[in-house]
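Working notes, structure below.
The values are calculated or read from the model by the stated rules, or taken from the named source; none is laboratory data. Just so it is clear, the structure is predicted and the values come from calculations on it, not from any experiment. As a convention, Cβ positions derive from the backbone with ideal geometry for all residues, glycine included, and neighbour counts pool all protein chains shown.
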Amino acid sequence: MKALVPMDDYGIFVDCHDTVRVDSLYVAKFFNKEHRDVLRAIRNLDCSDEFRQRNFAQSKYVNSQGHNMPCYQMTRDGFVFLVMGFTGKKAAQFKEFYINRFNEMESQIRSLVNARQQFPKLTKMVRAIHENPKPYHYSNECDLLNRIVLGMSAKQFRTANGIEKGESIRPYLTDEQIADLDYLQDVDIGLLVAVPDYSQRKRMLEWSLMNYRGENNVLR
């Protein structure tokens with residue numbers, strides 16, 4: 001399954017549909033169970049076919065002998081449904097850890113979705129130049145543009161204006177601010193490859209925006 005955010009050390013990743021999932025192989029490892037027993041438990045779950053199809057995606061991995069072996073990639077609902085029956089203090093600790101990790105990843109997804117809404121061409125370029133882009137590759141670049149135009153990050157803008165967490169800030173911006181951000185997005189797309197240094201790129205973007213604003217003031 002293609003990943004938007006690569007799998008971490010606990011088997012958690014974000015698929016190309018913006019859904020957080022966890023690999024059954026890693027669940028077996030951290031809950032100290034045989035993977036074949038976890039597979040059997042998934043196949044024997046007393047849930048509807050609709051729930052199974054929505055929350056358990058069949059996949060495969062290559063074992064140490066080079067053979068393709070089956071596994072499942074679960075959503076948070078699928079994970080919770082599966083591990084409800086896992087008991088013991090250690091199992092309880094890992095349940096809590098995984099649920100918290102799901103929440104963290106889902107928060108990152110909201111940031112990525114907002115980035116795609118506000119800077120679609122920029123986020124497309126980030127995906128093109130990074131083989132496995134991390135959430136910060138998107139958020140850092142978007143925050144760079146927001147700080148240049150707005151003087152603050154999107155998160156700070158929401159706080160300052162009483163906007164709900166995760167909500168797009170674009171409807172709350174002025175026409176001039178949107179025009180500035182759209183302009184910088186186009187400039188930054190070219191600079192990402194040519195000027196990889198963050199500080200240097202920031203200076204060039206600030207200079208470009210100053211000239212852009214000057215030209216538009218003359219035209220007005």
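Scanning for something within 30 Å of ALA3 (Cα to Cα), in a helix (DSSP H, G or I) and within 19 Å of the chain's Cα centre (by Cα), does region 185-198 turn up at least one residue? No, the conditions are met nowhere in region 185-198.
Every condition in (1) under 30 Å from ASN55 (Cβ atoms); (2) among the aromatic types (Phe, Trp, Tyr); (3) at pLDDT below 90; (4) surrounded by 17 or more Cβ atoms within 10 Å (Cβ to Cβ) holds for PHE119 except the one numbered (1).
Looking at this structure, is ILE178 over 16 Å from ARG116 (Cα atoms) and in contact with a helix residue (DSSP H, G or I) (Cβ under 9 Å, 6 or more places away or on another chain)? It is false that ILE178 is over 16 Å from ARG116 (Cα atoms) and in contact with a helix residue (DSSP H, G or I) (Cβ under 9 Å, 6 or more places away or on another chain). How many of the residues in region 164-185 are modelled with pLDDT of 90 or more and touching a Leu at 6+ places or on another chain (Cβ under 9 Å)? Residues flagged as modelled with pLDDT of 90 or more and touching a Leu at 6+ places or on another chain (Cβ under 9 Å) within region 164-185 amount to 7. Within region 85-92, can one find any residue that is within 30 Å of GLU206 (Cβ to Cβ) and of a type in the set (Lys, Arg)? No, because not a single residue in region 85-92 is within 30 Å of GLU206 (Cβ to Cβ) and of a type in the set (Lys, Arg). Listed by position, the helices (runs of 4 or more DSSP H) inside region 1-61 whose residues that are in the same structural domain as TYR72 (by TED's automatic domain parsing) and loosely packed, with under 12 Cβ neighbours inside 10 Å number at least 3 are 35-43, 49-55.
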